[in-house]
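Written out below as structure tokens is the structure these notes cover.
The values are calculated or read from the model by the stated rules, or taken from the named source; none is laboratory data. These numbers were taken from a predicted model, which means no experiment stands behind them. As a convention, Cβ positions derive from the backbone with ideal geometry for all residues, glycine included, and neighbour counts pool all protein chains shown. For accessibility, only protein heavy atoms count, side chains too; no ligands or nucleic acids. Shrake-Rupley method; radii C 1.70, N 1.55, O 1.52, S 1.80 Å.
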Amino acid sequence: MRFIHTGDVHLGISPDRNMPWGKDREKEIWDTFKRLIEVCRAKRPDMLFIAGDLFNRQPKLRELKEVNYLFESIIPTRVIIIAGNHDPINKGSHYADYEWAGNVYFLSSSEMQGYSFDDIGVDVYGFSYHDKMIKENKYDNFKPRNKEHINILLAHGGDENHIPMNINLMLLNGFEYIAAGHIHVPYLHKNAGFAYCGSLEPTDKNDKGVRGYIEGEITKEERMISLVPFAYRYYLDLEVLISSNMSKLEVMDIIKGKIAESGENNIYHITIKGFRDPDVEFDKTEISLLGNVSSIVDETEPDYDFESLYENNKDNMVGLYIEKFKDRTSLSSVEKNALYYGTKALLDASGSQQ
């Protein structure tokens, strides 16, 4: 049985609204989901698993129609869905009585249910959220009925407020594969009898690293499971190490080059480290224009020769100030900033020798 496993698509979400690229993100998330449907159309897997949070909130009727049309376009692939904590089936939900295409199987009950696909020898189990929080452990002790079939469990949760899970215990229950959602970081357990697909696109600045979907093939004898990177954008940490002989323009060019190398679509948290010329100061607004930069942290230290400064200024305010920081090897970050910025201010004000 060949399958694609996704979840935490969060259709309708608009990440980074206050950022220049934010206006495009809601459409990009829909477009990435459509691209995944195109993959299914081309590869024709037996099943597409959606492990909760297809939508970021209660879906609108027109959105369900759009999604249903996409699902219908990939017949004969069967689509198996559960609702997660972001799109639970509550009062007034369009999920409750929506008439899906014939290849769509919505595990809509709040209690465990299953579908048997005898033609391919597969049983799929799962249930949907009907509330935003479920603190009860509902997966750990459930076992499939037909051991002759390939048994799949769709699960959504993994923290104390959203169905706590004991993964090792769940793996003992007789499922060939547990397709999990809710945790946005992709995770494949050992021989991949259990996997979090992660979010299809990153939806928050904390969703760092690769995002995509899981592709697999399962028989009773073996599993072949892999993560396929697929997101249009990733949130990435970018560390820039500089030295005191670099000019500000050189550092800007280094940052610009690293962004080009790592992908101009991606969104970056930039940390600048190392020693800089004391006269060089970085304009964070200017750096943010080099690409999709969500935040900038300047951890550089001005490259002062404090011994020489002290010797040349021991009889004035500069020297007296430096003397207050005698043991410079054990300064806290606050003390370092006080030393560096205080020294610079006194030098600028007095015109003392540097």
Only Lys, Arg, Asp and Glu count, each charged at its Cβ (+1, +1, -1, -1), so figure out the dipole size of region 48-189 about its Cα centre, rounded to 20 debye. 220 debye
Rounded to the nearest 20 debye, dipole of region 1-89 from Cβ charges on Lys, Arg, Asp, Glu: 220 debye
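Given a Förster radius of 51 Å and the C-beta distance between Asp118 and Thr285 as r, what FRET efficiency does 1/(1 + (r/R0)^6) yield to the nearest 0.05?
Values: r = 63 Å, r/R0 = 1.23.
After rounding to 0.05, the efficiency reads 0.20.
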Binning at 10 angstrom from zero up to the longest distance, how are the C-alpha pair distances of region 188-230 distributed in percent? 27, 47, 21, 5, 0
Specify the residue with the greatest mean-square fluctuation among Gly181, Gly274, Gly158, computed from a Gaussian network of the chain linking alpha-carbon atoms under 10 Å apart. Gly274
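To the nearest whole percent, what portion of all C-alpha pairs in region 147-284 is separated by more than 18 angstrom? Can you show the working numbers first?
Working: 6175 of 9453 pairs.
Summing the P(r) of region 147-284 above 18 Å gives 65 percent of all pairs.
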In region 54-104 the accessible area split gives carbon plus sulfur, as whole percent at 1.4 Å, a share of 49 percent
Mind checking the dipole of the chain: about its Cα centre, +1 per Lys or Arg Cβ, -1 per Asp or Glu Cβ, Debye to the nearest 20? 1040 debye
What does DSSP give for the chain in terms of the percent of beta bridges that are antiparallel, rounded to the nearest 5? 30 percent
Of Tyr95, Leu339, Val39, farthest towards positive along the dipole that unit charges on Lys, Arg, Asp, Glu beta carbons give the chain: Tyr95
Which of His184, Gly209, Pro164, positive extreme of dipole for region 149-221 (C-beta unit charges): Gly209
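Please calculate how many Å² of accessible area region 34-192 carries per residue, with a 1.4 Å probe and no DNA, RNA or ligand atoms counted.
Working: 7300 Å² over 159 residues.
Result: 46 Å² per residue.
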Per principal axis, descending, Cα span of region 111-158 in whole Å: 36, 18, 15
Between helix 333-350 and the chain, what is the angle of the helix's C-alpha long axis to the longest principal axis, kept within 0 to 90° and rounded to the nearest 10? 40 degrees
A correct Stokes-Einstein calculation for region 201-354, using the alpha-carbon Kirkwood radius, 37 °C and 0.692 mPa s, returns a whole-number D in µm² s⁻¹ of 174 µm²/s
In whole angstrom, and with the biggest value first, how far do the Cα coordinates of region 70-174 range along each principal axis? 39, 37, 18
Over what distance in Å are the Cα centres of region 51-124 and region 214-285 separated? 37 Å
Distance in nm between label sites at Ser247 and Thr329, each 7 Å beyond Cα in the beta-carbon direction? 3.8 nm
Simple SL model, points at 7 angstrom along Cα→Cβ for Ser109 and Asn191; separation in nm is 3.1 nm
In region 128-227, GluC sites (Glu not before Pro) in a DSSP loop with at most 11 other beta-carbon atoms within 10 Å: Glu136, Glu148, Glu160, Glu221, Glu222
If you keep only loop residues by DSSP, which GluC sites (Glu not before Pro) in region 35-135 have at most 14 other Cβ atoms within 10 Å of their Cβ? Glu99, Glu111
Extension gain from Asp237 to Ala101, taking 0.36 nm per residue of separation minus the Cα-Cα distance: 44.8 nm
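What FRET efficiency comes out for Lys65 versus Phe306 if R0 is 56 angstrom and r is the Cβ-Cβ distance? Round to the nearest 0.05.
Numbers: r = 69 Å, r/R0 = 1.23.
For Lys65 and Phe306, the calculated efficiency is 0.20.
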How big is region 1-115 by the Kirkwood estimate over distinct Cα pairs, in Å? 14.7 Å
Interatomic Cα distance distribution for region 308-354, bins of 5 angstrom, percent: 5, 24, 34, 23, 12, 3
Check cross-link reach from Lys258 to the lysines: straight Cα distance under 21 Å, and skip same-chain residues fewer than eight apart. Lys205, Lys208, Lys248, Lys273, Lys284
Among Met170, Met47, Met19: highest mean-square fluctuation, GNM of the chain, C-alpha pairs under 10 Å: Met19
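How large is the Rg to Rh ratio of the chain when both quantities use alpha carbon positions and Rh follows Kirkwood? List each step's numbers first, then the result.
Working: Rg = 27.4 Å, Rh = 23.6 Å.
Rounded to two decimals, Rg/Rh equals 1.16.
Looking at region 254-350, which GluC sites (Glu not before Pro) are DSSP coil and have at most 11 other C-beta atoms within 10 Å of their C-beta?
Working: sites: Glu261, Glu264, Glu281, Glu286, Glu299, Glu307, Glu311, Glu323, Glu335; in loops: Glu264, Glu281, Glu299.
Answer in residue order: Glu299.
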Accessible surface of region 124-168 [probe 1.4 Å, protein heavy atoms]: carbon and sulfur percent: 45 percent
Under 10 Å, Cα contacts only: if you run a Gaussian network model on the chain, which one of Thr219, Thr77, Thr32 comes out with the highest mean-square fluctuation? Thr219
